[in-house]
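Trainee: Take a look at the following structure, please.
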Amino acid sequence: MRSGPSLLGDDGSASVIGCAVMAGLIAITATLLHVGSVVVARHRAQAAADLAAVAVASALDRGVVEACEASEVITTRMRVRLRRCEIEEWDALVEVTAEVSALFGGKEATAAARAGPAR
C-alpha cells in the first residue's frame, strides 16, 4: 500500500542512470570508430606502398625517373600520397601516407615498402 509521495525522493533516478549508460555507449562507439578508421588507413597505406614498390622495381629497366612515375599511378588510384621514392642499386624504396578520416583530426598513416630482385 502506498501512502503518498516517497520519502527517499528517488523518482526519475532511472532516467539519470539511463543517460549515463547511453553516454558511455556513445563514447565507446566513437572510440571504436576512430580505431577502425586508423586501422583501415594503415592497411590501405601498406597495400599501396607494397604495390608501388613492386611497380617501381619492375620498371627500373626504363630508368629511375620513369620507375618512380610508375608508382604515382598506383598511389593515386589507392588514394594515398607518395612521400618518397628512392632507388638503392636494384631495390625500390617507397614511402606513402594515407589520410585518416577528417572527423578524427586529419591525421596520417604512413607505410613503407621495399621491392627488388630475389637474391
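Trainee: May I ask you to verify whether A70 is closer than 30 Å to G116 by Cβ, at pLDDT below 90 and either surrounded by 18 or more Cβ atoms within 10 Å (Cβ to Cβ) or touching a Ser or Thr at 6+ places or on another chain (Cβ under 8 Å) (or both)?
Mentor: Against the criterion (closer than 30 Å to G116 by Cβ, at pLDDT below 90 and either surrounded by 18 or more Cβ atoms within 10 Å (Cβ to Cβ) or touching a Ser or Thr at 6+ places or on another chain (Cβ under 8 Å) (or both)), A70 qualifies.
Trainee: Has the range 38-49 got any residue that is crowded, with 18+ Cβ neighbours inside 10 Å and touching a helix residue (DSSP H, G or I) at 6+ places or on another chain (Cβ under 9 Å)?
Mentor: For the range 38-49, residues crowded, with 18+ Cβ neighbours inside 10 Å and touching a helix residue (DSSP H, G or I) at 6+ places or on another chain (Cβ under 9 Å): present.
The values are calculated or read from the model by the stated rules, or taken from the named source; none is laboratory data. The structure presented is a predicted model; accordingly, all values stated were derived computationally and were not measured. We place every Cβ from the backbone using ideal geometry, glycine too, and count neighbours over all the protein chains shown.
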